Amino acid sequence: MEHVSIDDEEPNAVGNDGDRRSLSEPLRTTDVAINHYRLASGEELSGGLHAHMDQEEVSVVIEGEATFETFTLLRDADCESDETTSEGGEVTVGAGEAIRFAPGEFQSGANESDDELVVLAMGAPRDSEDVRIPADCPECSHDDMRLEIGESALTFVCPDCGAERVSQGCPECGHELRVALGEETQTVVVCRNCGAEFENPPFAE
Ligand SMILES: [Zn+2]
Ligand SMILES: [Zn+2]
């Protein structure tokens, strides 16, 4: 048995006035990842829309209200057409409520309320090695790319043709970019700092 107090665990800063505490290490979990988040208004649970192909995620809202963008690529199982359709939207999850994302469902959670948000986020299996973002491959137009987090750079790898691109920050201001639901296109790449928008990630050449 392992028994921990969340407040005793070392916090990692999230934004200006929030934190994330990993409980997986102190609890020595083998099959589930558990993170406790305390987010100030305007802060995010993740860096934009992403999916884990190899992990199911559940978030339980303890205090406040979380807003999740959700996005699912509906691939044609018979491969009769190259066009992939998708569905997406926004869902708010209040205190005492929980939300579950299946492997492959894109999601992005944030605190869009004025009050603090406290969330317990769980993922199983514990380690995820196949994280995707909903951006088209510049070589073959495959509709998502796998993120590979290296020591110094974030690389996007096409799971279909193997094309690799190094991610770069906002060309306007250098700030980190994120994928969000778009108004005219399904998804859009946005800079949280200067508000610049791109249809596809501006990869470094
Ligand atoms: Zn490709
Ligand atoms: Zn910018």
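The values are calculated or read from the model by the stated rules, or taken from the named source; none is laboratory data. Here the structure is a predicted model, which is why all the values come from computation and not from measurement. As a convention, Cβ positions derive from the backbone with ideal geometry for all residues, glycine included, and neighbour counts pool all protein chains shown.
Among the candidates 130, 136, 115, the residue that is away from ligand 2 (no atom under 16 Å from the Cβ), more than 27 Å from residue 58 (Cβ to Cβ) and surrounded by fewer than 19 Cβ atoms within 10 Å (Cβ to Cβ) is uniquely 136. Condition check: under 25 Å from residue 65 (Cβ atoms), assigned by TED's automatic domain parsing to the domain that holds residue 111 and not small (Gly, Ala, Ser). Does residue 19 satisfy that? Criteria met by residue 19. Among the residues of the stretch 147-174, those that are free of Cβ contacts under 8 Å to residues at least 24 places away in the same chain, exposed (fewer than 14 other Cβ atoms within 10 Å of the Cβ) and either under 16 Å from residue 198 (Cβ atoms) or within 16 Å of ligand 2 (Cβ to nearest atom) (or both) comprise 173, 174. When the test is whether a residue is under 27 Å from residue 33 (Cβ atoms), away from ligand 1 (no atom under 16 Å from the Cβ) and basic (Lys, Arg), residue 178 passes it.
Could you tell me whether residue 121 is surrounded by 15 or more Cβ atoms within 10 Å (Cβ to Cβ) and either without any contact (Cβ under 8 Å) to a residue 12 or more places away in the chain or within 22 Å of residue 22 (Cβ to Cβ) (or both)? It is true that residue 121 is surrounded by 15 or more Cβ atoms within 10 Å (Cβ to Cβ) and either without any contact (Cβ under 8 Å) to a residue 12 or more places away in the chain or within 22 Å of residue 22 (Cβ to Cβ) (or both).
Given the criteria surrounded by 15 or more Cβ atoms within 10 Å (Cβ to Cβ) and not aliphatic (A, V, I, L, M), does residue 142 qualify? Considered against the rule, which asks whether it is surrounded by 15 or more Cβ atoms within 10 Å (Cβ to Cβ) and not aliphatic (A, V, I, L, M), residue 142 comes out as yes.
Check every one of the strands (runs of 3 or more DSSP E) wholly within the stretch 1-61 and list those with 1 or more residues that are charged (D, E, K, R), at negative phi and out of contact with any Gly (no Cβ under 8 Å at 6 or more places or on another chain).
The qualifying strands (runs of 3 or more DSSP E) are 18-22.
Residue-by-condition table, conditions (1) within 15 Å of ligand 1 (Cβ to nearest atom); (2) under 27 Å from residue 32 (Cβ atoms):
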residue	(1), (2)
122	no, yes
127	no, yes
138	yes, no
141	yes, no
144	yes, yes
153	no, no
157	yes, yes
163	yes, no
